[in-house]
Amino acid sequence: GQQLNQSPQSMFIQEGEDVSMNCTSSSIFNTWLWYKQEPGEGPVLLIALYKAGELTSNGRLTAQFGITRKDSFLNISASIPSDVGIYFCAGQETSGSRLTFGEGTQLTVNP
Amino acid sequence: GAGVSQSPSNKVTEKGKDVELRCDPISGHTALYWYRQRLGQGLEFLIYFQGNSAPDKSGLPSDRFSAERTGESVSTLTIQRTQQEDSAVYLCASSWVANYNEQFFGPGTRLTVL
């Protein structure tokens, strides 16, 4: 089956630093999504990407849909303590189909 | 507005017992998804409903797992004869099919099988 490789698995950074994480896939996706999950809660959608090469921002978050459609990255600028959580990438083959998730990146921000 | 809700939030059961997990999707969302998340891992797809039919149930790990959906509302995931490896958080998501299928998640049910 499809697999998403997400890296890094964890990051420990100082407040104010920028963060970058990425996902690569063995196959093509037509949609990439980035979610954040906090303890005891379900994932919350941060950014959705629908076209190869698309670069989308949401506040301090920026994500890109790779040209090959097999990868995506998420950047967080000027991190703050409330950015702490687990960030997941997810790919979707076709409209309405299942999401395939990466293993997550655990982000810790030290004040 | 109301998001996706799931009940119970926590369930502890003994090995061999059956459990039912409930999901109430966002009103008007036609698509509903079930995922499983083991501790420290990403989400694994289980089953997808479009209305009350299930076009994709390929993620159900065994015949002990089943799910149904009433119309375009509530869904129930049933696990029969639970095993310890079934312990996980079970997450439900729903989406408008038309709106690029962005899936919105509930808080999950944490299942512990003793």
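The values are calculated or read from the model by the stated rules, or taken from the named source; none is laboratory data. Only a predicted model underlies this, so the values are computations on that prediction, with no experimental measurement involved. Counting neighbours? That spans all protein chains shown, and the Cβs are built from the backbone with ideal geometry, glycine included.
Observations on the structure shown:
- When the range A:68-95 is filtered for residues that are more than 10 Å from the chain's Cα centre (by Cα), surrounded by fewer than 20 Cβ atoms within 10 Å (Cβ to Cβ) and not hydrophobic (A, V, I, L, M, F, W, C), the ones remaining, listed by number, are A:T68, A:R69, A:K70, A:D71, A:S77, A:P81, A:S82, A:D83, A:E93, A:T94, A:S95.
- B:R110 vs. criteria at pLDDT 95 or above, at the interface with chain A (Cβ under 9 Å from one of its Cβ atoms) and over 21 Å from A:A48 (Cα atoms): yes
- The sole residue among B:F105, B:F49, B:F45 that is in contact with a Cys (Cβ under 8 Å, 6 or more places away or on another chain), closer than 26 Å to A:G102 by Cβ, in contact (Cβ under 8 Å) with a residue 12 or more places away in the chain and not polar (S, T, N, Q) is B:F105.
- The lone criterion from (1) over 30 Å from B:R110 (Cβ atoms); (2) away from chain B (no Cβ under 11 Å); (3) surrounded by fewer than 22 Cβ atoms within 10 Å (Cβ to Cβ); (4) not β-branched (V, I, T) left unmet by A:F65 is number (3).
- Filtered residue count, the range A:94-111, keeping only those that are under 21 Å from A:Q3 (Cβ atoms) and outside any strand (DSSP E or B): 6
- Selection from the range B:66-107 of residues that are more than 20 Å from B:D56 (Cβ to Cβ), aliphatic (A, V, I, L, M) and facing chain A (nearest Cβ under 8 Å): none
- Residue that is farthest from the other protein chains (Cβ to nearest Cβ) [pool: residues in the range A:20-42 that are buried (at least 17 other Cβ atoms within 10 Å of the Cβ) and under 18 Å from A:P81 (Cα atoms)]: A:M21
- Test result for B:R69, touching a Lys or Arg at 6+ places or on another chain (Cβ under 9 Å) and either at pLDDT 95 or above or surrounded by 13 or more Cβ atoms within 10 Å (Cβ to Cβ) (or both): no
- Members of the range B:1-40 found to be outside any strand (DSSP E or B), of a type in the set (S, T, Y) and at pLDDT 95 or above, listed by number: B:S9
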